[in-house]
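Asker: The following block contains the structure, expressed as structure tokens.
The values are calculated or read from the model by the stated rules, or taken from the named source; none is laboratory data. Predicted model only: the values in this text are computed from it and were never measured. Ideal geometry is used to build each Cβ from the backbone, glycine not excepted, and the neighbour counts take in all protein chains shown.
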Amino acid sequence: MTEFNAYVAVIATSLIIIFSYLFNLIASKTNIPSVLLLIILGLGMKYGAEALGIPVGDNLIPVLEILGIIGLTMIVLEAALDLELEADRWPIIWKSFIVALIALIGAAIAGAYIIQYAYGGSFFLSLVYAVPLAIISSAIVIPSVGGLKDEHTREFMVYEATFSDILGIMFFYFLLGNAETESTSAIVWDVVSNIFLTIGLSVVLSYGLVLLFQKLDTHIKLILLIAVLLLLYSVGKLFHLSSLIIILIFGLVLNNFRLFFFGKLKRLVNARAVSSILNNFRLITMESAFVVRTFFFVIFGMTITIATILDMKVAMVSGSLLVLIFSLRFILLKIFIRKDILPQLFIAPRGLITILLFFAIPVEMELEGFNTGVLLFVIILSSIAMTLALVLSGTKITPYDDFASSYWEEVDKEIEKIETDEPKAQQKQQSETV
């Protein structure tokens, strides 16, 4: 049973995806986040594999590295494709951005002191460990707030979780990239020059990719586009650029192409072709992110050791971090929202990004003595807090298939809008020519 069997691997992979879909349906009926069910599934698979004499642990590292690259790219891209830069949404956008930024930095710095006090080591290493724990998981938040009655609150939560993901990932890799830099001025110059260079390159690449792919007639262009983005991300990493900015700006340009292609540039864009790419690309991104999330939560469950849950120190550190997170969140929501802050106060779960970044910490930066049970406790307890808040507010988690159906309704409306606007634009152009 210890020998690799391709058929057994395919069966296991298929069953994991099927269970993940079923867990989404269970979540819609019970408000139990599918994250917790996937972690339990991974834990069960671990002990089942060990009972059969199949080793787990180090064998998963190469898979995690590859999934990590794909996962981060797809998550940032999915988040960017959800951001609509419209004037009427600006108050929600800037408030959610400020709340996400302050909550991230505040929780990371204060959390670093807690981790340093509990496990020793330098403040910098403690900060590297604290950043993943300070990030709200949009993978859990977005399907969880779909049932909120207040549209303003729902949009605020989606934007906040999205910004928390993007800013947290950038903050984490900024720390890793400047671990050996001793001069503060050198760090500032490196960061500023890196960001401006990456933004400039990202804008050029984004415009070029949109114009190029709208002209391709092949039916395989969406997978090709993903391959190009993964290539740009990986090459950018090799040259120490902030590669996630490339993915973020491309997603923003594609999702808001009517805003970015203005004036004479508008003539270069085929609105129907770009909208078709956007709508189909959203679906592929959604499906891909779903698969990545599924396997990461299951793999995380396979890395858990039950003994860590019984550690009193782990419980105390995790509890302190959660008190810090919700206290800071209470203050920020009172300042920027000012009205009723329930249930959004407790909708701050940790999840996929926390796991992704934790596994991305280099071996030479590992904090000796840190117990991974802290991750498990924070993820589980923050998810339970969110579940209770949603139940008491009468909100239900939106299942995955409801997302897909609502998505296609939006696609149909977009197509109808294009079909209505195109004849008007052609008539206007003909009249101007005459």
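Asker: Where the second residue is acidic (Asp, Glu) and assigned to a loop (DSSP other than H, G, I, E, B) and the first is assigned by TED's automatic domain parsing to the domain that holds Ile353 and lies in the range 140-151, which pairs have Cβ atoms under 8 Å and are six or more apart or on separate chains?
Answerer: Going by the 8 Å Cβ cut-off, the qualifying pairs are Ile142/Asp82.
Asker: Now a separate question. Which one is farthest from Thr294 (Cα to Cα), of the residues in the range 30-43 that are of a type outside the set (A, V, I, L, M, F, W, C) and touching a residue at least 12 places away in the same chain (Cβ under 8 Å)?
Answerer: So in the range 30-43, the residues of a type outside the set (A, V, I, L, M, F, W, C) come out as 30-31, 33-34, 42.
This time we only want the ones that are touching a residue at least 12 places away in the same chain (Cβ under 8 Å), so: 31, 33-34, 42.
Numbers: Asn31: 18, Pro33: 12, Ser34: 9, Gly42: 10 Å.
The residue in question is Asn31.
Asker: Still on this structure, I have one more. Would it be correct to say that Phe358 is in the same structural domain as Gly177 (by TED's automatic domain parsing), surrounded by 17 or more Cβ atoms within 10 Å (Cβ to Cβ) and in contact (Cβ under 8 Å) with a residue 60 or more places away in the chain? Please lay out each step first, then the result.
Answerer: Numbers: in the same structural domain as Gly177 (by TED's automatic domain parsing): yes; surrounded by 17 or more Cβ atoms within 10 Å (Cβ to Cβ): yes; in contact (Cβ under 8 Å) with a residue 60 or more places away in the chain: yes.
For Phe358, the condition - in the same structural domain as Gly177 (by TED's automatic domain parsing), surrounded by 17 or more Cβ atoms within 10 Å (Cβ to Cβ) and in contact (Cβ under 8 Å) with a residue 60 or more places away in the chain - is met.
Asker: Return the total of residues in the range 233-270 being more than 17 Å from Glu78 (Cβ to Cβ), buried (at least 20 other Cβ atoms within 10 Å of the Cβ) and aliphatic (A, V, I, L, M).
Answerer: Counting residues in the range 233-270 that are more than 17 Å from Glu78 (Cβ to Cβ), buried (at least 20 other Cβ atoms within 10 Å of the Cβ) and aliphatic (A, V, I, L, M) gives 1.
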